[in-house]
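Participant: Before we start, here is the structure in question, set down as structure tokens.
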Amino acid sequence: MRGPASVDVAFTPESARSSHVAVVVDVLRATSTIVAALEAGYRNVLCTGKVQRARELAGPGRRLAGERGCLPIEGFDRGNSPVFDDQNDGGELVLCTTNGTPALLRAVACADQVLVGSLLNLNAVVAAIPADQEVTVICSGTDGRFALEDAYAAGRIVALLPGRRSDAARAAERLAGAYPDPWGPLTESTGGGALRSTGQARDIPACARESVSAIVPRAEPGPGDIAVVSALVANREPAIQTARSFT
Ligand code: MLT
């Protein structure tokens, strides 16, 4: 089976080194929300780590989304939930979060190609990783620290890839193998606890569903310190037929 030449895992964005391909994961919740937004019909997601930059990006056809301290940001249209109750007809989502969008900005600065991974598009993002390349899975972490749910997702990605593994990749793969399914790492994690304590527990199962989307988002540098994320695999039927059944 042809696959990447080498696989590494960065457990925080700060520890990520340059690589050909980066797969960014923020299971709770930013990369799950990005996949869900594209499933819900948004044309792309404009990612920034700064609230003021997000406000500057507001405009017709755009909705502001994001969180600080897990909670929606004042004046934004929505928080960072991956549950989209409404279909969008090709608008743009501006997304500003604490960990996931800064990780995407870090990734576009240190990798030639950046893919957005989550459990929701697990099989699809692995299938989209180019062969014979150096691949790093970048975990967004939580407030600059190791995040169990991201390390678990990174290990699930590593387990599906051939190629020479770094020690961190081996550790992530072993960690993922210690759980029968995502429920344990997502509910035990600091991020899962924060969602429960802020009344957003429904987002945990929404982020725990595996390979329910065939969408593979790709992030590219955008003007003024943003990352522009759009669907890489545009010509494949989603794993499910309607966004509604997705949410
Ligand atoms: C983030 O990007 O910081 C996380 O997704 C946090 C959250 O969604 O609450």
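Participant: Could you check, for region 58-80, whether at least one of its residues is touching a Pro at 6+ places or on another chain (Cβ under 6 Å), open to solvent by 10 Å² or more (accessible area, probe 1.4 Å) and closer than 21 Å to residue 149 by Cβ?
Facilitator: Taking region 58-80 as the starting set, the residues that turn out to be touching a Pro at 6+ places or on another chain (Cβ under 6 Å) are 79.
Pick out the ones that are also open to solvent by 10 Å² or more (accessible area, probe 1.4 Å) and you get 79.
From what is left, the residues that are closer than 21 Å to residue 149 by Cβ are 79.
Among the residues of region 58-80, at least one is touching a Pro at 6+ places or on another chain (Cβ under 6 Å), open to solvent by 10 Å² or more (accessible area, probe 1.4 Å) and closer than 21 Å to residue 149 by Cβ, which makes the answer yes.
Participant: Mind checking which residues of region 89-119 are surrounded by 18 or more Cβ atoms within 10 Å (Cβ to Cβ) and part of a loop (DSSP other than H, G, I, E, B)?
Facilitator: 97, 98, 99, 118, 119
Participant: List pairs: first residue in region 84-99 and at pLDDT below 95, second residue within 14 Å of the ligand (Cβ to nearest atom) anywhere in the structure, Cβ distance under 8 angstrom, at least six positions apart or on different chains.
Facilitator: Close Cβ pairs (under 8 Å, with a partner that is within 14 Å of the ligand (Cβ to nearest atom)) amount to 88/37.
Participant: When region 122-164 is examined, which residues are found to be in a strand (DSSP E or B) and surrounded by fewer than 19 Cβ atoms within 10 Å (Cβ to Cβ)?
Facilitator: Initial filter on region 122-164 (in a strand (DSSP E or B)): 134-139, 142, 145, 164.
Answer for region 122-164, where residues must be in a strand (DSSP E or B) and surrounded by fewer than 19 Cβ atoms within 10 Å (Cβ to Cβ): 145, 164.
Participant: Of the numbered conditions (1) more than 9 Å from the ligand (Cβ to nearest atom); (2) at pLDDT 95 or above, residue 71 satisfies every one except a single condition; which is it?
Facilitator: So the condition that residue 71 fails would be (1).
Participant: Being buried (at least 18 other Cβ atoms within 10 Å of the Cβ), out of contact with any Lys or Arg (no Cβ under 9 Å at 6 or more places or on another chain) and more than 13 Å from residue 119 (Cα to Cα) is the filter here, so list the residues in region 167-185 that pass it. Explain how you work it out, then say what you get.
Facilitator: From region 167-185, those buried (at least 18 other Cβ atoms within 10 Å of the Cβ) are 168-169, 172-173, 175-176, 182, 185; that's our starting set.
So of that shortlist, the ones also out of contact with any Lys or Arg (no Cβ under 9 Å at 6 or more places or on another chain) come out as 168-169, 175, 185.
Selection gives 168, 169, 175.
Participant: Tally time: how many residues in region 68-97 are in contact with a Leu (Cβ under 7 Å, 6 or more places away or on another chain) and not hydrophobic (A, V, I, L, M, F, W, C)?
Facilitator: Looking only at that region, the number is 3.
The values are calculated or read from the model by the stated rules, or taken from the named source; none is laboratory data. Just so it is clear, the structure is predicted and the values come from calculations on it, not from any experiment. Positions of Cβ are backbone-derived with ideal geometry, glycine not excepted, and every protein chain shown enters the neighbour counts. Side chains included, ligands, DNA and RNA excluded: accessible areas come from the protein's heavy atoms. Shrake-Rupley method; radii C 1.70, N 1.55, O 1.52, S 1.80 Å.
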